[in-house]
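All remarks here apply to the structure that follows.
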Amino acid sequence: MKSKLHSLLFLGLLTGTSLRPVQDDPLLQKARQIHQRVLTLDTHADAPIMMQKPGFDVGVAHDTKRDQSQIDFPRMKQGRMDAMFFAVYTSQGPRTPEGHANAKASALRQFELIHEAVKKHADQAELATTPADAYRIEKAGKRAVFIGMENGYPIGDDLSMLRKYYDLGCRYVTLTHFANNLIGDSSTDPDGPLHNGLSDFGKKVVVEMNRLGILIDVSHVADKTFYDALALSKAPVIASHSNARALCDFPRNMTDDMIRAIAARGGVVQVNFVSDYLRKPSDAHRAAKTKIRMARVGREMTPELEARITAQSDSVSKVYASERASLSDIADHIDHIVKIAGIDHVGIGSDFDGGGGVNGLEDVSQIENLTVELLRRKYSEDDIRKIWGGNLLRVLGKAKAL
Ligand SMILES: [Zn+2]
């Protein structure tokens with residue numbers, strides 16, 4: 001007993017992991033083997049939020065709790081996560097020339113940070129823009145870093161920016177975030193719709209994205225914006241991090257009809273790990289969260305304000321800890337999408353570092369726990385390959401519509 005404990009401790013030292021009593025679980029062993037064989041991909045990683053913090057190095061392992069960080073290259077490797085879309089994210093501010101200039105500067109800085117990080121850690125990661133890149137980088141034993149843009153706000157009113165972002169590696173744009181922008185209406189703008197769906201400018205954006213080969217991401221958009229974009233796009237669309245409204249009723253989640261419509265056009269819905277979008281919180285919990293979320297909208301973020309919001313958010317999490325979602329909630333959403341749309345139209349977009357994380361899945365090093373849950377539910381290796389990236393890479397290969 002003692003010697004076994006010692007050898008486990010030694011293994012822990014060797015691999016740099018903490019002692020995990022579930023090491024001997026046959027399903028975990030099986031999940032590990034599957035992760036060795038299949039390419040695993042996550043379409044929504046907010047690592048750039050952390051990368052903008054002074055001193056944060058994505059090439060070094062962090063402590064999830066102490067460092068409030070869920071993604072870095074060493075932990076991706078530990079969890080056998082092969083590829084992630086790092087999101088160039090800007091919160092929605094004023095729809096003014098100054099607001100757009102600030103958003104553009106922030107976006108360009110984030111592209112630069114991502115490029116610098118993969119250059120600095122060329123032994124660990126590489127930038128990817130195509131499915132072939134991802135498979136090649138995975139074979140080389142490195143992490144593939146794709147880039148997506150969450151919120152089309154940095155496009156402003158200048159269509160030519162799309163070309164610029166494409167050239168910098170951007171392969172999807174989430175049309176809106178929590179509030180309306182010049183492209184279209186968001187599902188959560190407190191002021192309600194502004195354009196009645198996709199704006200005239202938004203229509204041009206969709207056409208230009210099709211032309212360049214940037215995927216249209218409908219996560220966060222209002223239902224009307226969704227249907228407008230879907231009707232217009234000549235390429236399949238994705239929801240980079242969205243769950244099923246049938247299981248968790250919230251405007252940010254997708255109805256069964258929307259999920260089926262994405263599938264009918266060959267696209268994919270990537271399930272996220274955000275507790276509020278997996279399991280409906282109580283009204284009081286929802287109200288407290290909304291208040292915190294809206295504190296960021298339209299405001300210039302200072303370190304003091306950020307710290308205050310983080311502290312408020314922590315205390316809300318503590319008060320409502322019993323309502324936090326678990327691994328089985330994620331699998332329930334996957335099951336539901338498979339049931340109504342088929343195994344070829346579901347994937348994963350964690351939202352780690354942006355609100356993702358459930359009981360049993362706290363950071364990228366633990367993603368095999370989700371595969372264990374999928375195995376428990378009798379998904380085959382081929383199903384898991386599709387869920388963990390195969391479907392998304394199929395769609396990415398069709399992003400360019402001539
Ligand atoms: Zn988001």
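Quick rundown of the values:
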{"item": "Checklist (1) touching a helix residue (DSSP H, G or I) at 6+ places or on another chain (Cβ under 9 Å); (2) farther than 22 Å from ASN243 by Cα; (3) surrounded by 19 or more Cβ atoms within 10 Å (Cβ to Cβ) applied to MET50, failing item", "result": "(1)"}
{"item": "Residue within region 317-327 that is in contact with a Gly (Cβ under 7 Å, 6 or more places away or on another chain), surrounded by fewer than 18 Cβ atoms within 10 Å (Cβ to Cβ) and within 27 Å of VAL269 (Cα to Cα) present", "result": "yes"}
{"item": "VAL145 vs. criteria in the same structural domain as ILE259 (by TED's automatic domain parsing), assigned to a strand (DSSP E or B) and away from the ligand (no atom under 16 Å from the Cβ)", "result": "yes"}
{"item": "Any pair with Cβ under 8 angstrom, 6 or more apart, that starts in region 350-362 at a residue that is closer than 15 Å to THR40 by Cβ and ends at one that is within 16 Å of the ligand (Cβ to nearest atom) and aromatic (Phe, Trp, Tyr)", "result": "SER350/PHE273; PHE352/PHE273; LEU361/PHE273"}
{"item": "Cβ pairs under 6 Å, 6+ apart, first in region 38-56 and closer than 13 Å to ASP353 by Cα, second of a type in the set (Asp, Glu) and within 16 Å of the ligand (Cβ to nearest atom)", "result": "HIS44/ASP351; ASP46/ASP353; ALA47/ASP353; ILE49/ASP353; MET50/ASP353"}
{"item": "GLN366 more than 16 Å from the ligand (Cβ to nearest atom) and at pLDDT below 95", "result": "no"}
{"item": "Checking PRO190 against (1) at pLDDT 95 or above; (2) away from the ligand (no atom under 16 Å from the Cβ), the condition it does not meet", "result": "(1)"}
{"item": "Among the candidates ASP67, ASP133, ASP158, ASP123, residue that is assigned to a helix (DSSP H, G or I), of a type in the set (D, E, K, R) and more than 16 Å from the ligand (Cβ to nearest atom)", "result": "ASP133"}
{"item": "Selection count, region 181-193, where residues are touching a Leu at 6+ places or on another chain (Cβ under 6 Å) and assigned to a strand (DSSP E or B)", "result": "1"}
{"item": "Search result, residues across region 116-130 that are surrounded by fewer than 22 Cβ atoms within 10 Å (Cβ to Cβ) and touching a residue at least 40 places away in the same chain (Cβ under 8 Å)", "result": "LYS120, HIS121, GLN124, LEU127, THR129, THR130"}
{"item": "Residue tally, condition open to solvent by less than 20 Å² (accessible area, probe 1.4 Å), over 22 Å from GLY349 (Cα atoms) and among the hydrophobic types (A, V, I, L, M, F, W, C), over region 167-212", "result": "4"}
{"item": "Qualifying residue in region 25-40 (condition: within 16 Å of the ligand (Cβ to nearest atom) and at pLDDT 95 or above)", "result": "no"}
{"item": "Residue list for region 344-382, restricted to those being of a type in the set (Phe, Trp, Tyr) and surrounded by 24 or more Cβ atoms within 10 Å (Cβ to Cβ)", "result": "PHE352"}
{"item": "Selection count, region 251-290, where residues are within 15 Å of the ligand (Cβ to nearest atom), part of a loop (DSSP other than H, G, I, E, B) and either surrounded by fewer than 16 Cβ atoms within 10 Å (Cβ to Cβ) or not assigned by TED's automatic domain parsing to the domain that holds LYS339 (or both)", "result": "1"}
{"item": "In region 337-363, the residues that are acidic (Asp, Glu), away from the ligand (no atom under 16 Å from the Cβ) and within 18 Å of the chain's Cα centre (by Cα)", "result": "GLU362, ASP363"}
{"item": "Options ALA331, ALA341; residue that is under 26 Å from LYS77 (Cβ atoms) and open to solvent by less than 30 Å² (accessible area, probe 1.4 Å)", "result": "ALA331"}
{"item": "Selection from region 221-248 of residues that are open to solvent by 10 Å² or more (accessible area, probe 1.4 Å) and within 15 Å of the ligand (Cβ to nearest atom)", "result": "ALA222"}
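Rundown of residues vs (1) within 20 Å of ILE114 (Cβ to Cβ); (2) aromatic (Phe, Trp, Tyr), yes/no style:
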| site | (1), (2) |
| --- | --- |
| LEU28 | no, no |
| ALA47 | yes, no |
| GLY59 | yes, no |
| ASP63 | no, no |
| ILE71 | yes, no |
| MET76 | yes, no |
| PHE85 | yes, yes |
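For every residue, the table says whether it meets (1) outside the structural domain of THR43 (by TED's automatic domain parsing); (2) assigned to a strand (DSSP E or B); (3) among the small types (Gly, Ala, Ser).
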| residue | (1), (2), (3) |
| --- | --- |
| ALA179 | no, no, yes |
| HIS195 | no, no, no |
| PHE201 | no, no, no |
| VAL205 | no, no, no |
| ILE216 | no, yes, no |
| LYS224 | no, no, no |
| LYS234 | no, no, no |
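Rundown of residues vs (1) in the same structural domain as ASP167 (by TED's automatic domain parsing); (2) open to solvent by less than 20 Å² (accessible area, probe 1.4 Å); (3) touching a Ser or Thr at 6+ places or on another chain (Cβ under 9 Å), yes/no style:
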position: GLN68; (1), (2), (3): yes, no, yes
position: PHE86; (1), (2), (3): yes, yes, no
position: THR90; (1), (2), (3): yes, yes, yes
position: LYS104; (1), (2), (3): yes, no, yes
position: LEU108; (1), (2), (3): yes, no, no
position: ILE114; (1), (2), (3): yes, yes, no
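The values are calculated or read from the model by the stated rules, or taken from the named source; none is laboratory data. These numbers come from a predicted model, not from an experiment. We place every Cβ from the backbone using ideal geometry, glycine too, and count neighbours over all the protein chains shown. Please note that ligands, DNA and RNA were not included when accessible areas were found on the heavy atoms of the full protein model with its side chains. Shrake-Rupley method; radii C 1.70, N 1.55, O 1.52, S 1.80 Å.
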